[in-house]
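Student: Could you have a look at this structure, given as structure tokens, before my questions?
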Amino acid sequence: MPEIETFELHDRVSHQSYGLGRVVGTEKAAVTVNFSNRTERIVSPFHKLEKL
């Protein structure tokens with residue numbers, strides 16, 4: 001089973017659909033990311049999200 005990446009507040013991230021952003025909230029199974037023109041809650045597993 002692949003390991004699910006963990007994210008911390010203020011991590012810089014890249015999302016395949018939304019682009020570059022910064023983590024502004026964390027939960028057990030989701031993160032909230034502020035992208036330049038929107039804020040999105042992304043649930044685990046984070047297939048399209050990668051830490052920079």
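Student: Scan around residue 26 for amide H atoms under 5 Å from its own, H built in the peptide plane at 1.01 Å from N, and keep only partners 5 or more places away or cross-chain.
Tutor: Placed amide hydrogens put 32 under 5 Å from residue 26.
Student: Now, a different point. In angstroms, what radius of gyration and Dmax does the chain have, counting Cα atoms only?
Tutor: Rg, Dmax (Cα atoms, Å): 9.9, 34.
Student: Also: Give me the percent of the accessible area of the chain that comes from carbon and sulfur atoms, probe 1.4 Å, all protein chains in place.
Tutor: Percent of accessible area from carbon and sulfur atoms in the chain: 48.
The values are calculated or read from the model by the stated rules, or taken from the named source; none is laboratory data. Everything numeric in this text was worked out from a predicted model, so none of it was measured. Each accessible area value is taken on the protein alone, full model and side chains, heavy atoms only, with ligands, DNA and RNA left out. Shrake-Rupley method; radii C 1.70, N 1.55, O 1.52, S 1.80 Å.
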